[in-house]
Amino acid sequence: DTGVSQNPRHKITKRGQNVTFRCDPISEHNRLYWYRQTLGQGPEFLTYFQNEAQLEKSRLLSDRFSAERPKGSFSTLEIQRTEQGDSAMYLCASSLDRAQYFGPGTRLTVT
Amino acid sequence: DAKTTQPPSMDCAEGRAANLPCNHSTISGNEYVYWYRQIHSQGPQYIIHGLKNNETNEMASLIITEDRKSSTLILPHATLRDTAVYYCIVRSNFGNEKLTFGTGTRLTIIP
């Protein structure tokens, strides 16, 4: 199965620590998206890349968050100085045309 | 993007057709209707999308009313594995890449 993969699947960290998540999109998909989902809510858009260019960022993406897609392939999402409110599922999706295909997500717990 | 309205929950007997409604009365001419589902603790899964014609694939059928103000997702022979939250999303294909999820419909398949 060559779907979207995300690592790690689970991350527990202490408040104030930095964390980095990785997303590997479906091969040849030029668009990559990050979403965040909290319990009981639908996913919320964070940011979007077309190839290596970051074209849109949500207001949810505070200055503690940074995302990169250095060679237009995999992407990383870093959260600096984590807060308890950052606890959520972080989802990555990729697309070539209209449909977005999601990975399994990384569940972050900040203690 | 236009707002969608879905019932919060529905039940369907295993083996029967599950019909999930969605209202999108403010949809504009260039906006597509997308359906995704999310099984517990997994990433959302793309199901189907359409503009104005009815669509069918191996997973489901999408029926869009002639005025495009509502649609119905049909799972023809529901199984227990179809238990999930189903999201109806309206999205333009021009310059707006993100998906805006609501709270969806929690579909429970009853054995």
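This table checks each residue for (1) within 18 Å of residue A:102 (Cα to Cα); (2) surrounded by 16 or more Cβ atoms within 10 Å (Cβ to Cβ).
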| residue | (1), (2) |
| --- | --- |
| A:8 | yes, no |
| A:20 | no, no |
| A:26 | yes, yes |
| A:52 | no, no |
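Every condition in (1) within 14 Å of another protein chain (Cβ to nearest Cβ); (2) surrounded by fewer than 15 Cβ atoms within 10 Å (Cβ to Cβ); (3) charged (D, E, K, R) is met by residue B:66 except one, and the failing one is (1). Give the residues of the stretch A:13-72 that are closer than 29 Å to residue B:40 by Cβ, assigned to a strand (DSSP E or B), out of contact with any Ser or Thr (no Cβ under 7 Å at 6 or more places or on another chain) and more than 14 Å from chain B (Cβ to nearest Cβ), sorted by residue number. Hit for the stretch A:13-72 is A:65, nothing else. Among the residues of the stretch A:93-100, are any closer than 22 Å to residue B:40 by Cα, in a loop (DSSP other than H, G, I, E, B) and either under 13 Å from the mean Cα position of the chain (by Cα) or away from chain B (no Cβ under 14 Å) (or both)? Among the residues of the stretch A:93-100, not one is closer than 22 Å to residue B:40 by Cα, in a loop (DSSP other than H, G, I, E, B) and either under 13 Å from the mean Cα position of the chain (by Cα) or away from chain B (no Cβ under 14 Å) (or both), which makes the answer no.
On the basis of being surrounded by fewer than 21 Cβ atoms within 10 Å (Cβ to Cβ), touching a Gly at 6+ places or on another chain (Cβ under 9 Å) and hydroxyl-bearing (Ser, Thr, Tyr), does residue B:41 make the cut?
Here the answer is yes, as residue B:41 does meet what is asked.
Let's see how each residue does on (1) part of a strand (DSSP E or B); (2) at pLDDT 95 or above; (3) not aliphatic (A, V, I, L, M):
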position: B:42; (1), (2), (3): no, no, yes
position: B:63; (1), (2), (3): yes, yes, no
position: B:72; (1), (2), (3): yes, yes, yes
position: B:90; (1), (2), (3): yes, no, no
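Would you please name the residue that is surrounded by the most Cβ atoms within 10 Å (Cβ to Cβ), looking only at residues in the stretch B:1-36 that are among the small types (Gly, Ala, Ser) and modelled with pLDDT of 95 or more? Of everything passing the filter in the stretch B:1-36, B:18 is surrounded by the most Cβ atoms within 10 Å (Cβ to Cβ).
The values are calculated or read from the model by the stated rules, or taken from the named source; none is laboratory data. The shown structure was predicted, so the numbers you read here are calculated from the model rather than taken from an experiment. Cβ sites come from the backbone with ideal geometry, for glycine too, and all protein chains shown count toward neighbours.
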